[in-house]
Structures are given as structure tokens and as C-alpha cells.
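What follows is a short report on a single structure.
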Protein chains: 2
Amino acid sequence: MQPATNSALFVQSFARGLEVIESFGQTPRMTLTEVAEATGLSRATVRRFVHTLVSLGYMRANDKHFALTPKVMNLGFAYLASQPLVELVDPVLANLSQELGQSTSVSVLDGTDVVYIARQETTSIMRINITVGTRFPAYATSMGRVLLAGLEAEKLDEYFAAADLTDVTDRTLTDEAALRSELGQIRKQGYAVVKEELEVGLASVAVPIRNRAGVTVAAMNTSVAVTSQAPEDLTELLPPLQAAADEVSNAL
Amino acid sequence: MQPATNSALFVQSFARGLEVIESFGQTPRMTLTEVAEATGLSRATVRRFVHTLVSLGYMRANDKHFALTPKVMNLGFAYLASQPLVELVDPVLANLSQELGQSTSVSVLDGTDVVYIARQETTSIMRINITVGTRFPAYATSMGRVLLAGLEAEKLDEYFAAADLTDVTDRTLTDEAALRSELGQIRKQGYAVVKEELEVGLASVAVPIRNRAGVTVAAMNTSVAVTSQAPEDLTELLPPLQAAADEVSNAL
């Protein structure tokens, strides 16, 4: 559905510059040579983009190393600032986290990933740090499955055509037929539970946030350590989670 | 100090493309004509950048309107993902917010602004929604004053040369000499208190987060409604706030 990147309208230099910014997500400080290696662009090309970013205040130089400045958040923040959802969600998640004593999050689907747009952390039970902007493969997460369960059939086919279903832990469900059956179950019961499929020791339960038309636009979840004194049955967390998601859905 | 934007190395088309992305921070859905008006670029130029963004999945079209997708967060959050500070701060802020029953934040200085890099919200006492990436003029905020108080003399002169000291509320301190004297006081006492200078009804207290070399790298604050049953003297909030900031400073 996306317009071709070989169209005459496509601005190659803009695309390359964005690639340079994204490459710093992996390695925060790089020399020109390292950026060239990370992007596959020539060192001379990289030099021009880095120069431009420094001129505009998006990047700073230190010795021969370059790093992004907080100004680049203006680019990503333009998305967040434009989402009425984000504004509604933060206080709701804060109350929910306090009530449950657990971390809570809201995410949306972007391509084959879930992307966090809000999060309230209580303790760090995940080895991976999660902040707003973090992404995970949708099929391996409770929020992702709620979002996939809310897709129209055609969009779900597109998802499976594009997704790379590989193990994240040795418990990750990676069989398309098994996942489709799980999504059917989630659609029926209205929530998703995932245990140790994204990270060993971690379980989570997620429910949909719907707009006025009843379309799933985001998912809300809470995560617990499966080894703690957490309720064996995650569905005990469901009533307050559902109430919080409904509060957001009703305000949309 | 920044390299010139008229250098042969400067990639004008990249700079223009970034400007197109940033313009969506003000207005989330725009037609090509509206983007052209917002950026001052021609409609034909805007069309090429928007086409490129759609091709790369950073933007999507709906009727004749365009909006950013969550993928743009990959650009802004490359910065956040690269900050060890962000990883440390979230659980500390969550505990602090719960202990104080108040919203807490961490921000850094970027140009003449403070930019939020972490936030835990309890209630929305501000009319303005604050998320990660939000920026305010440094001189009018408690975190900004802590950060300015930590600058070397030369950098502080640069700040005052660049800053536009205008009223935010009718209580905002905007006189350079008065602000410099206030910064001296903050440097001596180790914290900043701001009452209703950023928003009527809102007060906040901030302390520095320092790296191993003792340099202020960020500020942590808590905000309270001045009209609520909040402690008249904000310094009552100081011991837990200071303990939380020290916890982060010691881990850096």
C-alpha cells in the first residue's frame, strides 16, 4: 500500500538522513566511520548528514564522536503530542499502577510491532528497560495479541504475511495457526494473557482500548513477576485493568 | 559554536524534511497545503517530503490529510534509548511519586529549554499535559533553574544571550539580574522552589542529579497544587526528593 521508494517524488537524501538518526538508537556515540558502517552509507555522505544535524542542534560533537541531543525528541514527540489518547492515559495508568502495585502500559500497533506510548513503572522486573517508544514483536506480547485480535481479517492476513514469527523465549508461540486460534479466543474473552513468552519470569494481561466506533485503537496491560507472590491467576488483575481501559475508551 | 547552515556540507533537503516532521507537533493532521503554510515551503516541495515519509512508514495518508505514525518515535527515542539516566530514573520516580503522592519528573537542558526525559504522574494539576519530550523555558521552572545554577559561568552567559525572558504568568521572574541572584541562592542551598511562575496554582521544588565528576547532568522535581492541602513550605518535600536524586546520582 505504501508508495514506492523509487518514485521521482522520493527524496533519497531525506531518507538517508533519517537512517543516520535511527542508527544512533543502537549505538549512542559514534565516529563518522562507525556511522558509515552502521548505515552502509559512505563516510563522505555520513559527514554531510552529521554536519547538518549538528548545525540544526539535533546532534553534538565530542572529540571525534557524535551523539544525539534532546532536540531529536521534538521529532518523535510530534507523534505523541498529536495523540489525544496519550493525554488521557497517564493519570489513569498512575492510579491503576498504585492500585495493583504493578507496572502498567499502553501501546499501539505499528507495522508488526507494539510501541509503548505510555508507561507507569513500579519495579523493574524486566531485564529490558521499557520506556515510551520501546517496541516489541506483537505476537509475543499480551498487548500485541489484543491489538491483533482487533484487526479486520484482511489486515490480520497482511500482518502474518509481514511478521517474522521467531522464538523470543522457548515458550513463545510462533505457529501461525496456533496464534490465529489464540487470537480467536482473545476476541471472545476480551483479554489476553501471556506468560514467559516475551521474557522468562514475566507474565502480563492486556485488554483493548476502543474508540466510539468500537474499533480497538490501543491496548492496556499490567505485568507481574511469575515468581513473586503475584496472583497465580492473572485474571484477578482483570477487573481493575478493565475498569481503567473502559475509563479511557469512554473518554475517547 | 554550531557549524554554519550555509556550508557546502549542509544538506538542505534533509533539514527541510525534519522541519516537515516538526510541523506536525503543532497540528496533528494536515493537508499538503496546510503543511506548506506551516513550514513556508512550496506545496510541490512538501509533496515530495510527505511522499518520502509515507514511503518509509513515518506518516500515513487519510483522505487528503496526513498524520505521523508511531514509527517517528524511533527518531526521537533514539536519544532516550541512549541515555543510561533514563533507565535508572523510572523506578526511582515511581517510588518517589508514591511516597509523596505527587507527580515527579526528571529533565535535562536543551538550548534554552528544559526537556522532560522521565515523568510519573499522579494527578493532572497542570492545564498543560506533560509527557516525555515536553519542553518549557528553563528560567520559569524549578528544574530549569537547578540546571542553570549548575552551568559554568561562560555557558550561563551564553544562556542569557540566547534566552527570551518573557512572562509566562504574571509572577514569572524575567529580570536577568534577579534571575542570576536567584541562581546563586539555588547553588548555595542545593535546590530551587518555583511558585506559580510557570502556571497559576502550581508550585514545584527541584534538586540536581550529578555525575561522578559532580557536574549537574539533570534535575528532578515534584509539583504540587498550591491551593490543595499541600505543605505550605515545599521544603518538607525536600528530604525524600533529595534522597531519590542522590540514589540516581550515586548510580551514574
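From the label point of B:ARG171, set 7 Å from Cα along Cα→Cβ, how far away are the matching label points in the other copies, in nm, ordered shortest to longest?
5.2
Counting helices only, and only those DSSP H runs with n ≥ 4, report the 222 nm mean residue ellipticity of chain A as the sum of -39,500 (n - 2.57) divided by its residues, in deg cm²/dmol to the nearest 500.
Numbers: 9 runs with 105 residues, N = 252.
Mean residue ellipticity at 222 nm (helix-derived): -13000 deg cm²/dmol.
According to the square roots a ≥ b ≥ c of the eigenvalues of the Cα gyration tensor, what is the shape class of the protein assembly as shown, taking rounded for a/c under 1.5, prolate for a/b larger than b/c otherwise, and oblate for the remainder? Let's see the in-between values first.
Values: a/c = 1.69, a/b = 1.12, b/c = 1.51.
Taking the square roots of the gyration eigenvalues as a ≥ b ≥ c, the protein assembly as shown is oblate.
Treating the point 7 Å from Cα along Cα-beta-carbon as the label, what are the nm separations from A:ASN129 to the other copies, to one decimal?
Reported distances to equivalent positions: 2.5 nm.
Against the longest principal axis of chain A, how steep is helix A:238-251, in degrees 0 to 90 to the nearest 10, with axes from Cα atoms?
Long axis of A:238-251 versus the principal axis of chain A: about 60 degrees.
Given the C-alpha centroids of the range B:51-117 and the range B:155-178, what is the distance between them in whole angstrom?
Using only Cα atoms, the two centres lie 26 Å from each other.
Tell me the relative contact order for chain A as a rounded percent, counting alpha carbon contacts under 8 Å between residues six or more apart.
On the way: 375 pairs, mean separation 37.2, N = 252.
Relative contact order for chain A comes out at 15 percent.
In peptide B:64-70, what is the residue-averaged number of other protein chain Cβ atoms found within 10 Å of each Cβ? The partial results should precede the final answer.
Values: counts 0, 0, 0, 4, 8, 5, 16.
Partner Cβ neighbours, averaged per residue: 5.
Using +1 on the beta carbon of Lys and Arg, -1 on that of Asp and Glu, and nothing else charged, what's the dipole of the protein assembly as shown about the Cα centre, debye to 20? Mind dumping the intermediate values first?
Numbers: 40 positive and 58 negative charges, 299 e Å.
Roughly 1440 debye for the protein assembly as shown.
Once the Cα atoms of helix A:12-23 and of chain A are each reduced to a long axis, what angle between those two axes, in degrees from 0 to 90 to the nearest 10, is obtained?
60
Counting Lys and Arg as +1 and Asp and Glu as -1, each charge on the Cβ, what is the dipole of the range A:83-251 about the Cα centre in debye, to the nearest 20? Could you put the intermediate results ahead of the total?
On the way: 12 positive and 24 negative charges, 55 e Å.
The calculated dipole for the range A:83-251 is roughly 260 debye.
Given the rotation that superposes chain B on chain A, what residue of B brings its beta carbon nearest the axis, and what is the distance in Å?
Chain B residue with minimal Cβ-axis distance: B:GLY76, 1.
Would you mind working out the accessible area per residue for the protein assembly as shown, using a 1.4 Å probe, and quoting it in Å²?
Working: 21970 Å² over 504 residues.
It amounts to 44 Å² per residue over the protein assembly as shown.
What does the charge add up to near A:THR39, with Lys and Arg as +1, Asp and Glu as -1, over the other residues with Cβ less than 10 Å from its Cβ?
Details: positive: A:ARG16; negative: A:GLU19, A:GLU22, A:GLU34, A:GLU37.
Once all neighbours under 10 Å are counted, the net charge is -3.
Which distances, in nm and shortest first, link the A:GLU154 label point to the same label point in every other copy, taking 7 Å along Cα→Cβ?
Those label-point separations list as 6.2 nm.
The values are calculated or read from the model by the stated rules, or taken from the named source; none is laboratory data. This is a predicted model, so every value here is computed, not measured. Cβ: placed from backbone, ideal geometry, glycine included. Neighbour counts: every protein chain shown. SASA here: full protein model, heavy atoms, side chains in, ligands and nucleic acids out. Shrake-Rupley method; radii C 1.70, N 1.55, O 1.52, S 1.80 Å.
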